[in-house]
Amino acid sequence: MAHGPDVRETVESWKVGISKAWQLGEEGGYLMVSWSKIGVVIVTLVIVLPAILLVSVNNKPANSTALHCTYSVVNVYPHDTNAFTEGLVFDSGFLYESTGLYGNSSLRRVDLETGGVLQLLSLQPQYFGEGIAIVGDKIVQLTWQSHKGFVYDKAGFGLLQEFQYPTQGWGLTYDGKRLIMSDGTANLYFLNPVTFQRVGQVTVHDTGPVNELNELEYINGTVYANVWREEKIAVINPQNGQVMAWIDLTGIQDLKNQDPSARGLDSKVFLLSF
């Protein structure tokens with residue numbers, strides 16, 4: 001079995017200045033997570049990795065070797081209440097967003113500070129938009145049950161290519177060489193970013209398989225995946241599928257009760273540190 005980087009070494013690599021990570025964007029420490037699936041919109045998150053705080057959790061599953069982490073809210077940003085967010089990437093100062101629902105799916109460029117939609121491309125009504133990833137000057141977008149993906153010009157959102165895949169499409173990210181895709185199971189699939197052919201896969205596991213992996217991000221050699229309908233994020237070794245750490249987001253929904261400006265979590269983007 002292949003072994004990835006030691007989790008404590010990985011944690012040390014996260015401990016960089018927040019301002020530096022902000023300048024570097026996703027590769028320097030951004031995690032974009034969307035928890036909307038089949039009519040359930042919990043929250044859209046933007047999570048900053050620096051200043052990580054590790055904590056022990058008393059209810060840690062037996063036989064689990066994963067570290068457990070907590071979080072704190074750094075900032076809250078406005079967000080379109082009509083956007084059923086499925087994919088989210090921060091790049092070059094903008095949010096790139098894929099929204100779902102049949103008849104309402106879209107690809108968007110969004111101003112983070114104001115939540116304003118700067119550019120929008122509507123998908124045909126038979127497609128339910130899902131995860132997205134940026135590969136160079138292109139945006140790759142999945143759809144949920146249509147087994148079809150789209151490739152767009154990043155600048156103008158012009159359609160460049162379509163491609164097929166055999167599973168459902170959920171989350172998508174890019175590790176610099178391969179696209180990494182989830183389909184709602186415990187599997188992560190690795191795709192060639194040019195041909196979109198599958199070149200590998202792993203099953204994500206802790207004490208057992210971790211099913212319903214949803215939105216994905218790739219940061220510093222590891223994959224971050226939120227679990228649908230759960231308030232937690234798995235930090236995954238992409239070489240063998242082992243969960244290296246869990247980020248416990250318990251209480252994130254309670255923010256709407258603590259902060260009047262955060263009512264309706266489906267309409268906010270959160271900047272967190274953990």
Any pair with Cβ under 7 angstrom, 6 or more apart, that starts in the stretch 118-146 at a residue that is at pLDDT 95 or above and ends at one that is of a type in the set (Lys, Arg) and part of a strand (DSSP E or B): Leu118/Arg109; Gln119/Arg108; Gln119/Arg109; Leu120/Arg108
Residues of the stretch 179-216 satisfying the condition of being in a loop (DSSP other than H, G, I, E, B), over 14 Å from Tyr165 (Cβ atoms) and within 18 Å of the chain's Cα centre (by Cα): Ala186, Val204, Val210, Asn211, Glu212
Residue within the stretch 217-224 that is in a strand (DSSP E or B), farther than 17 Å from Leu142 by Cβ, of a type outside the set (Ser, Thr, Tyr) and touching a residue at least 12 places away in the same chain (Cβ under 8 Å) present: yes
Hits in the stretch 136-161 - residues which are in a strand (DSSP E or B) and touching a Gly at 6+ places or on another chain (Cβ under 7 Å): Val140, Gln141, Leu142, Thr143, Gly149, Tyr152
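Does Leu191 qualify as being at pLDDT 95 or above, among the aliphatic types (A, V, I, L, M) and surrounded by fewer than 18 Cβ atoms within 10 Å (Cβ to Cβ)?
Criteria not met by Leu191.
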Residue in the stretch 222-229 that is within 21 Å of Gln145 (Cα to Cα), modelled with pLDDT under 95 and among the aromatic types (Phe, Trp, Tyr) present: yes
Hits in the stretch 65-108 - residues which are without any contact (Cβ under 8 Å) to a residue 24 or more places away in the chain and in a strand (DSSP E or B): Ser106
Exclusive hit being under 19 Å from the mean Cα position of the chain (by Cα), surrounded by fewer than 22 Cβ atoms within 10 Å (Cβ to Cβ) and over 28 Å from Asn237 (Cβ atoms), set Asp91, Asp111, Asp175: Asp111
Residues that are in a loop (DSSP other than H, G, I, E, B) and exposed (fewer than 15 other Cβ atoms within 10 Å of the Cβ), drawn from the stretch 114-127: Thr114, Gly116, Gln124, Pro125, Gln126
Count of the stretch 162-173 residues which are under 23 Å from Asp206 (Cα atoms) and assigned to a strand (DSSP E or B): 2
Positions within the stretch 144-166 being in contact with a His (Cβ under 9 Å, 6 or more places away or on another chain) and crowded, with 17+ Cβ neighbours inside 10 Å, in sequence order: Tyr165
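The values are calculated or read from the model by the stated rules, or taken from the named source; none is laboratory data. Please read all numbers here as calculations on a predicted model, not as lab measurements. Because the Cβ atoms are built from the backbone with ideal geometry, glycine has one as well, and the counts that use them run over all protein chains shown.
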